[in-house]
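Here the structure is laid out as structure tokens; the discussion comes afterwards.
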Amino acid sequence: MKGWIAAALMAVPLLIAAAIAYWPAEPFAVTSVVIPPTDPHGRSDISTLAKEVPAALAKQLHEAQKLKIQIADTDIDAKEAAAFDAVIITTLTEDAGILQLNVQVVRPRTHEEIWTNAYESPRRQFTEMLRVAGDGVRRALD
């Protein structure tokens, strides 16, 4: 009898944790997005490439008619970000001629991550990588 009680006491918390993990998230509509400047990292200067990222993502997102998109000229603080439904945070890293673009979509009020993905390409295919990343963000926000 003690074995059954012990097994039940171990199984119940696991079942509760599994139910919480797979509980459907509360859906919400994203109608406004802000894209701050991209954070560049690398041995060589990739700041000119990093400056292209917000505009390229915004161009892809303009295809979703319901979105209001703003590109921030400088980094924004939490108070400014809270005026939007989502913030698209990007980081561009270059290592040995390979560029990696990390894209993260975050709800600024709760700091909840909505979507994230990383893209890699050689430097010569940078614009194609931006197009694919923009498509990914657009699908995530649909």
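Below, the figures for the structure above:
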{"item": "Selection of GluC sites (Glu not before Pro), region 39-142, meeting DSSP coil and at most 10 other Cβ within 10 Å", "result": "63"}
{"item": "Residue 99 long-range amide H proximity, modeled H, under 5 Å", "result": "121, 123"}
{"item": "Helix 126-141 axis, angle to the chain major axis (alpha carbon atoms, nearest 10°)", "result": "40 degrees"}
{"item": "Where trypsin sites (Lys or Arg not before Pro) fall in DSSP loop in region 60-102, at most 14 other Cβ within 10 Å", "result": "66"}
{"item": "Cα long-axis angle, helix 47-61 against the chain (0 to 90 degrees, to the nearest 10)", "result": "70 degrees"}
{"item": "Crossing angle, helix 2-21 versus the chain [Cα axis fit, 0-90 degrees, rounded to tens]", "result": "30 degrees"}
{"item": "Global size of the chain as Cα Rg and Dmax, reported in angstrom", "result": "20.0, 70"}
{"item": "R0 of 25 Å, Cβ-Cβ distance residue 120-residue 74: FRET efficiency to nearest 0.05", "result": "0.35"}
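None of the figures in this text is laboratory data; all of them are computed from the coordinates on show. Given the structure is predicted, the values throughout are model-derived calculations rather than measurements. Here Cβ is always computed from backbone atoms with ideal geometry, including for glycine, and neighbour counts include all displayed protein chains.
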